[in-house]
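See below for the structure under consideration.
The values are calculated or read from the model by the stated rules, or taken from the named source; none is laboratory data. It should be emphasised that the depicted structure is a prediction, and the values quoted were computed from it without experimental measurement. A quick note on method: Cβ atoms are made from the backbone with ideal geometry, for glycine too, and the neighbour counts reach across all protein chains shown. Quick note on the areas: whole protein, heavy atoms, side chains included, nothing else; ligands and nucleic acids left out. Shrake-Rupley method; radii C 1.70, N 1.55, O 1.52, S 1.80 Å.
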Amino acid sequence: MWTVVVATASAIVVLVICLIAASVYFYNVGILRNNKDFMNVDPNLIKATHPWEYANEWLQTQPMKTISIRSDDGLQLTGYYVPSQTDSNKVVILAHGYSGQGRDMSNFAKMYQDLGYHVLMPDDRGHGQSEGHYIGFGWHDRKDYLKWIDYIIKNQGEDSQIILHGISMGGSTVLMTSGEPLPDQVKCIVSDCAYTSVKDILSHQLKSMYKLPAFPLIPLTSLVCRLKAGYFFGEASALTQVSRTKLPILFIHGGEDKFVPYDMVHRLYEAAGSEKELLSVPNAQHGNAYFADKEGYGNKLTSFVGRYVF
């Protein structure tokens, strides 16, 4: 009997150690700042040459200014400012995706500059030239974007009209930001292929990439994240934040998106209590809605923002 008890206790200890080790591993893979090589082998991401690259030549011709701010927790954050070609008080702040950087948004920067906007492209904490040892998945970043908004108002003027536009993780970032108290200068939100919450998207990826159930690894990795990065997965919810906002939101999602499942956009749309519109691009994969239908995307975006920014 005693042998059975010892064997059972030993098995439990080994299981607990294995689960803790797995949780630390998944934290290191997904949240810790490092190279995300797994993105290169995910079957749900487009493997062709990155469709945003061709705008880099345009970006190099622009009088781009590199700027820095300090986050509430003392990180130096870097952003890239591209001025409008005309006298304008319109500004768009573009939020990039997971493992990217601000200048990845160059194609969208050109599109907005053509519409008469100044453009700010921040590197999120843990990305690009910004400091930070972890990825915030939009949650801590939402407070960083409040800082960027304040920077624009201080330097661009009290009459600034600001749009927040994000892709993928950036889409969730601007939705999470939308639920915070924002100045009147922020006029609307454009969210492209956003996830509902960090818990939801990591649960989906755990099942998709590793064929593992969410429990118990997601709660345990969430605890590791709280200890190392200061947030639980469950609190980082775009769903909760959009239910609080009064800002108009344009939701965009590709119908063939399997990296951030298409049904998430409908959950976000239903949760939003403000003015809202939904653009679904049937043949688009993750982050590819604009490139799958440039004309439809551009027309919808122009008509939407044109109702709130003059």
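Of note:
- When +1 charges are put on Lys and Arg Cβ atoms and -1 charges on Asp and Glu Cβ atoms, the dipole computed for the range 84-224 relative to its Cα centre reaches about 480 debye.
- The accessible-area ordering, largest first, of the residues K147, K246, K36 stands as K246, K147, K36, per a 1.4 angstrom probe.
- Against the criterion of solvent-accessible heavy-atom surface with a 1.4 angstrom probe, W148, W139 sort, most first, into W139, W148.
- When the charge dipole of the chain is built from unit charges on Cβ atoms (+1 for Lys and Arg, -1 for Asp and Glu) and taken about the Cα centre, the candidate among S88, G166, Q62 whose Cα reaches farthest toward its positive end is G166.
- Protection proxy ranking, peptides 75-84, 101-110, 187-196, 221-230, average beta carbon neighbours within 10 Å, highest first: 187-196, 101-110, 75-84, 221-230
- With a simple spin-label model that places each label point 7 Å from the Cα along the Cα-to-Cβ direction, the separation between T66 and H133 comes to 2.4 nm.
- Alpha carbon centroid spacing (whole Å) that separates the range 95-149 from the range 222-292: 17
- The ellipsoid that matches the Cα gyration tensor of the chain has semi-axes, each √(5λ) in whole angstrom, of 36, 20, 18, with the longest given first.
- Fluctuation leader among H96, H118, H133 - the chain, Gaussian network, Cα springs under 10 angstrom: H133
- Dipole orientation for the chain: of the candidates L15, Q101, V224, L15 has the Cα lying most toward the positive pole (charges on Cβ; Lys, Arg +1; Asp, Glu -1).
- The range 185-267: C-alpha gyration tensor shape, a/c 1.5 cut-off, then a/b vs b/c: oblate
- Ordered from largest to smallest accessible area (heavy atoms of protein chains, 1.4 Å probe), the residues T173, T302 come out as T302, T173.
- The charge dipole of the chain, taken about the Cα centre with unit charges on the Cβ atoms of Lys, Arg (+1) and Asp, Glu (-1), comes to about 540 debye, rounded to the nearest 20.
- Among the listed pairs K110/K246; K36/K211; K36/K258; K187/K300; K199/K294; K154/K276, those beyond 21 Å (Cα-Cα): K110/K246; K199/K294; K154/K276
- Evaluated with a Cβ-only charge set (Lys, Arg +1; Asp, Glu -1), the range 166-279 carries a dipole of roughly 420 debye about its Cα centre, given to the nearest 20.
- Within the chain, the whole DSSP H helices whose Cα atoms reach 24 Å or more along their own axis and whose mean Kyte-Doolittle score is at least 0.0 are 2-30.
- Formal net charge of residues neighbouring E180 (Cβ-Cβ distance under 9 Å; K, R +1; D, E -1): +3
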